[in-house]
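K.L.:
Let me give you the structure first, and then I'll get to my questions.
The values are calculated or read from the model by the stated rules, or taken from the named source; none is laboratory data. Since the model is a prediction, treat every value here as computed from it, not as a measurement. Positions of Cβ are generated from backbone atoms using ideal geometry, with glycine treated the same way; all protein chains shown enter the neighbour counts.
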Amino acid sequence: MKRTWVVMRKEWREAFRGGKTIWIGTIAIPLILLGASLFQLFSLSDLHAVSPEELPQVVGVLFLVPLLYFMMFPLVIPHQIAIYAIMSEKEQKSLEPLLATPLRTSELFLAKMLASVLPALLITWAAFALFLAVIQALLPANVLEIAWQQFGSLWLMALGLFAPLAATFMTLASMAIATRVSDLRTAQLFSSFAMLPILLSMFFLVFRQMLGRPALLGGLCAALLVLDVGLLWVNVKLFHREEILTRWR
Amino acid sequence: MIVAENLTRRFGDRIAVENLSLEIAEGEVFGFLGPNGAGKTTTVRMLAGLLAPSSGRAIVAGVDVVAQPQRVRTLVGILPEHPGLYEKLSAWHNLKFYADLYELPSPHTQIEKYLRLLGLWERRHDPVGTFSKGMKQKLAIARALLHEPKVLFLDEPTSGLDPEAAKTVRDFIAQLASEKRTIFLCTHNLYEAEQLCTRIGLIKQRLIKIGAPASLKRELYGRQIVIDLKEPLVLSEDPHLPFVRSVQRDGRRLLIELDDPEQHNPALIKKLVELGAQIQFVREQSRTLEEVYLDLIAEERQ
């Protein structure tokens, strides 16, 4: 486990010196989504002016779309880090000296995966905590309480279940794609395609006003779990020492 | 230090290395020569515990590469064909990463030792991407030595370097050899192999020849003496000498093949003088390793 941590630290040090795309993917896009979530709340309705009787209904409408934004975090953030983790090793031809150390391929795989999944989850949760803090600070005191009553279980499911599954899905898909292509832009393009089915499912649920149903979100999580298991199997096959040395180009 | 027995590696139907057997003693600098695609890198990867052989076995530093590849990897250092450094990280962070992977007890001491030894200490905080090719190669060598391996595999260590940088690297390899490390050197640079290696092995999927550079030359060409005369020699009788294997004439020059010039040169020269030869110069014909290499590879093709 110690060597896994060593590789993860290297991944982060390298990735965040890797250029604009990493910063855009991990910091700029989440900030935009957070801004959009808050804009949604503050621009569409003045909750201070809403009567206590109408407040639950208004909150029910206003808080649904921000949930969609927060569900996009774990899809967007790991995408660039996971691609970079594989492509930079390939481009710099650093895999052979790395594999010549006592590092196990399972440790290498785990390090590459966690180096993408962990920041995605931490940023998602931190952004959501900030979102809640802003609501508590700037909106009427009972708004958060009403929102929690209506969305509490959904938020927990989205952030506690969907977010790890989605971050793992994007990471594993991006890693598998990056092992098989020789160019960074191609990897980014194909990896973006992998994100589309999940995003479209989420938008579909929002526009049909079904995202608020925990059973449907649970179904989406179950589908992601199946995909994650499949992608894990693919990645385990790809992360063999001989496969890496002879087939990763 | 390295023992390989019938080491074979197949990739599908293609045989990369076939029945390779060799023994390399501790402290030896062994040169591994062969054309592109001959199986040099595959052999290194098998011996360094990176690739499993399809059949055969190898013991490196007393450890079986098939049974304990991870243990082998802690005992050997490898300099691949490409330095494979992290260009955005500093020289220090590159080495620190590897020192942590090897779980070195005093990583900072080791990093400083090799950065100073290879003249990179002043540039330790600079990103490796700003380094020259020679500096990168030196840093990659430092990385391979960081954990003080008993066996060092060097794949084309001077490839693409300017003459000055190549000489620095060669001198450093010679220094490592004097420290009794076992060095397995893959190279296309035959001058380098001749300068550094105690023995060389020629490979083209299978081992063609193995031996010290001088003995390979002797085996292939015998030993030839070049005698330059003042005037062409007109012989009234045939100079029958039992130790002379062949005589070639080229104007005022005689090319004589002998088994043991140190022993037989005095008698040969005495006989030639008796026959009226006016000898200006006597020297041994030197063959290069390049000639040996090209002839053996051509012979293998036929």
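K.L.:
Residue under question is B:ALA58, and the condition is that it be closer than 21 Å to B:GLU156 by Cα and in contact with a helix residue (DSSP H, G or I) (Cβ under 7 Å, 6 or more places away or on another chain); does it hold?
P.N.:
So B:ALA58 does not fit the description; no.
K.L.:
In the stretch B:100-141, what residues are within 11 Å of another protein chain (Cβ to nearest Cβ), out of contact with any Pro (no Cβ under 9 Å at 6 or more places or on another chain) and not in a helix (DSSP H, G or I)?
P.N.:
Matches in the stretch B:100-141: B:PRO127 only.
K.L.:
Now, a different point. Among the listed residues B:LEU95, B:LEU22, which satisfies the condition of being farther than 23 Å from B:ILE200 by Cβ and modelled with pLDDT of 90 or more?
P.N.:
Exactly one of B:LEU95, B:LEU22 is farther than 23 Å from B:ILE200 by Cβ and modelled with pLDDT of 90 or more, namely B:LEU95.
K.L.:
So if I check each of A:PHE63, A:PHE70, which one is of a type in the set (Phe, Trp, Tyr), under 15 Å from A:PHE162 (Cα atoms) and out of contact with any Pro (no Cβ under 7 Å at 6 or more places or on another chain)?
P.N.:
A:PHE70
K.L.:
Let me ask you something else. Please enumerate the residues belonging to the stretch A:232-249 that are within 14 Å of chain B (Cβ to nearest Cβ) and surrounded by fewer than 13 Cβ atoms within 10 Å (Cβ to Cβ).
P.N.:
Answer for the stretch A:232-249, where residues must be within 14 Å of chain B (Cβ to nearest Cβ) and surrounded by fewer than 13 Cβ atoms within 10 Å (Cβ to Cβ): A:ARG247, A:ARG249.
K.L.:
Spot the failing condition for A:VAL229; the list is (1) among the β-branched types (Val, Ile, Thr); (2) in contact with a helix residue (DSSP H, G or I) (Cβ under 6 Å, 6 or more places away or on another chain); (3) surrounded by fewer than 18 Cβ atoms within 10 Å (Cβ to Cβ), and only one is missed.
P.N.:
(2)
K.L.:
Which number in (1) closer than 25 Å to B:LEU190 by Cβ; (2) crowded, with 24+ Cβ neighbours inside 10 Å; (3) within 14 Å of chain A (Cβ to nearest Cβ); (4) not basic (Lys, Arg) marks the one condition that B:LEU20 misses?
P.N.:
(3)
K.L.:
Limited to the stretch B:54-71, what total is found for residues that are in a strand (DSSP E or B) and in contact (Cβ under 8 Å) with a residue 60 or more places away in the chain?
P.N.:
Adding up the residues that qualify gives 1.
K.L.:
Take the stretch B:72-99 and flag every residue that is assigned to a helix (DSSP H, G or I), facing another protein chain (nearest Cβ under 8 Å) and either closer than 29 Å to B:LYS40 by Cα or touching a residue at least 24 places away in the same chain (Cβ under 8 Å) (or both).
P.N.:
Correct list: B:ARG73, B:THR74, B:PHE97, B:TYR98.
K.L.:
Could you check the stretch A:123-207 for helices (runs of 4 or more DSSP H) lying wholly inside it with 1 or more residues that are farther than 20 Å from A:LEU238 by Cβ and among the charged types (D, E, K, R)?
P.N.:
Output list reads A:141-157, A:184-207.
K.L.:
Are there any helices (runs of 4 or more DSSP H) wholly within the stretch A:43-105 with 1 or more residues that are at the interface with chain B (Cβ under 9 Å from one of its Cβ atoms), and if so which?
P.N.:
Result: A:64-92, A:95-99.
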